[in-house]
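Peer 1: Quick one: the structure is below, questions incoming.
Every read-out reported here was derived from the displayed coordinates using simple, explicitly stated rules and does not represent laboratory data. Quick caveat: nothing in here was measured; it's all calculated off a predicted structure. Note that we place each Cβ from the backbone using ideal geometry, even for glycine, and neighbour counts take in every protein chain shown.
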Amino acid sequence: MKNAYLNGVLEQVKKRNPGEPEFIQAVTEVLESLEPVIEKHPEYMEKGVIDEIVEPERIIKFRVPWVDDQGKVQVNRGFRIQFNSAIGPYKGGLRFHPSVYEGIIKFLGFEQIFKNSLTGLPIGGGKGGSDFDPKGKSDAEVMRFCQSFMTELSKHIGADTDVPAGDIGVGGREIGYLFGQYKRLRNEFTGVLTGKGIPYGGSLARTEATGYGLCYFTDAMLKDHGDSFKGKTVVISGSGNVAIYANQKATQLGAKVVAMSDSNGYVYDANGIDLAAVKQIKEVRRGRIKEYIQDHPKAEYHEGCSGIWTIPCDVALPCATQNEINEESAKALVKNGVKAVAEGANMPSTPEAIHVFQSAGILFAPAKASNAGGVATSALEMSQNSMRYSWTFEEVDGKLHDIMVNIYKNASQAAKEYGMEGNLVAGANIAGFLKVANAMLAHGVV
Ligand code: NDP
Ligand code: 2IT
């Protein structure tokens, strides 16, 4: 980065957030993208908007005690980072995974500001979670954990204040327990969480939204370059919520998905992954992806996560976790002829991997833009809750589709306007930033 002011902001962020490499990584990328913006609009620098935007408005950190099935007390740590409320109530998921610490929630909350802005809907940025590991826990243990987590969280959220949702390790089951506890504590039935079950205020198509949205975005990007999903070979990492519905939509759009994974390993099925089997393993049995080969003898299972990127494919959709594609994996994808990489997970490509894709001229869709369909549909769930009304699946899916095509257009337009045509990383960061920054300017410094 050449700009001395932006370098100064980054130095300050590094000093204030030691031991949080994921947060520094996310901030560095955004600040780099903002160089041409500062040159054209020095007011964002002069009025302190950039100094403010890298500092969360509020960090809530709390103890989560719960009793396991053996009667033993367990203690986890809970977080909610309310990062930016310039354009709407804080909005973003909750992640339950043993790797969660403040730096992970901070990076996710920071990314969420720009992603939520890109959706065009009135939602600010936030994120939360816990180092609780739902794997191997009984339903009753998960319920007691969720109730304890919400007992504290309920003091800080609300339908017009902060609206959490799911992320890794938080799906329909967890949202149900969290909602039940909020309702009990507050005696109020509002849209305080999204991703709710359909019988109690959930939106149709929210379950599918992130994966579907990722494919709508990728399709728009491919079409803009005279191509489409038809006949493409696709590799998808992960086998959770995002991965499953990305597979479903890519297949509907004419592609063949040949591989999926979990944190232990990946399966390769040259005939195309049998998605019903994956759903049965992951959504119904909460099992491991290697169980797939038990009734698919022609499929292969390999231990380890990174090997999935050595499978030749036209389109790669990383849908598991941060930094899952490093430089070496990116080079393997390029060598094998990948045409497009679109991020379903948050920050799945390292900066070095992004550099490899962009210098090879690969179409690259950054997470903030390409995975925004989940939170966009969450915002549609909030609208429906406020209206005490619900739209049909087709209505929600149609809105999601249009939102994703618009995000693609806005990100590519912003990249062009700031002299970086085709660079959707810069375009998404800039387009997401401008709306939030202008709202912050309008509100003044308090
Ligand atoms: P799920 O918990 O449903 O699935 C996560 C998947 O990723 C699982 O297959 C899991 O494997 C794998 N995974 C998780 N952590 C790791 C790890 N450290 N190393 C390797 N694999 C891992 O989560 P989602 O599908 O909801 O989330 C996936 C990604 O998408 C995350 O980055 C999330 O932030 C992002 N995202 C999610 C949205 C949503 O609406 N749910 C919206 C936008 C982005 P295993 O079962 O072995 O842990
Ligand atoms: O990363 C994300 O955008 C999410 N996990 C979804 C957040 C939401 O509020 O729906």
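Peer 1: Somewhere in the stretch 139-152, is a residue away from ligand 1 (no atom under 16 Å from the Cβ) and touching an Asp or Glu at 6+ places or on another chain (Cβ under 6 Å)?
Peer 2: Yes, there is a match, as at least one residue in the stretch 139-152 is away from ligand 1 (no atom under 16 Å from the Cβ) and touching an Asp or Glu at 6+ places or on another chain (Cβ under 6 Å).
Peer 1: Output the residues belonging to the stretch 287-301 that are free of Cβ contacts under 8 Å to residues at least 12 places away in the same chain and either assigned to a helix (DSSP H, G or I) or among the basic types (Lys, Arg) (or both).
Peer 2: First, pick out the residues of the stretch 287-301 that are free of Cβ contacts under 8 Å to residues at least 12 places away in the same chain: 287, 291, 294, 297.
Across the stretch 287-301, the qualifying residues are 291, 294.
Peer 1: Quick check on my filter: what residues within the stretch 49-102 are crowded, with 22+ Cβ neighbours inside 10 Å and of a type in the set (Phe, Trp, Tyr)?
Peer 2: Correct list: 79, 83, 90, 96.
Peer 1: Which is buried (at least 16 other Cβ atoms within 10 Å of the Cβ), more than 14 Å from residue 375 (Cβ to Cβ) and without any contact (Cβ under 8 Å) to a residue 40 or more places away in the chain, of 182, 200, 216? Let's see the steps before the verdict.
Peer 2: Values: 200 fails: buried (at least 16 other Cβ atoms within 10 Å of the Cβ); 216 fails: without any contact (Cβ under 8 Å) to a residue 40 or more places away in the chain.
After applying the criteria, what remains is 182.
Peer 1: Here's a check for you: in the stretch 154-179, which residue that is within 13 Å of ligand 2 (Cβ to nearest atom) and farther than 21 Å from residue 204 by Cα is surrounded by the most Cβ atoms within 10 Å (Cβ to Cβ)?
Peer 2: Ranking the candidates gives 157 first.
Peer 1: Which of the residues spanning the stretch 258-286 are in a strand (DSSP E or B), within 18 Å of residue 211 (Cβ to Cβ) and away from ligand 1 (no atom under 14 Å from the Cβ)?
Peer 2: Listed by number, the list holds a single entry, 258.
Peer 1: In addition: Quick one: in the stretch 61-120, which of the residues that are part of a strand (DSSP E or B), of a type in the set (A, V, I, L, M, F, W, C) and closer than 23 Å to residue 159 by Cα is nearest to the chain's Cα centre (by Cα)? So that I can check it myself, show each step before the final result.
Peer 2: Step one: list which residues in the stretch 61-120 are part of a strand (DSSP E or B), which gives 61-67, 73-84, 90-96.
Applying the additional criterion that residues be of a type in the set (A, V, I, L, M, F, W, C) yields 62, 64, 66-67, 73, 75, 79, 81, 83, 94, 96.
With the extra rule that they be closer than 23 Å to residue 159 by Cα, the set shrinks to 62, 64, 79, 81, 83, 94, 96.
Values: 62: 23, 64: 24, 79: 17, 81: 15, 83: 15, 94: 11, 96: 14 Å.
The residue in question is 94.
Peer 1: Okay, next question. Among the residues of the stretch 153-177, how many are in contact (Cβ under 8 Å) with a residue 60 or more places away in the chain and either assigned to a helix (DSSP H, G or I) or within 16 Å of ligand 1 (Cβ to nearest atom) (or both)?
Peer 2: Adding up the residues that qualify gives 11.
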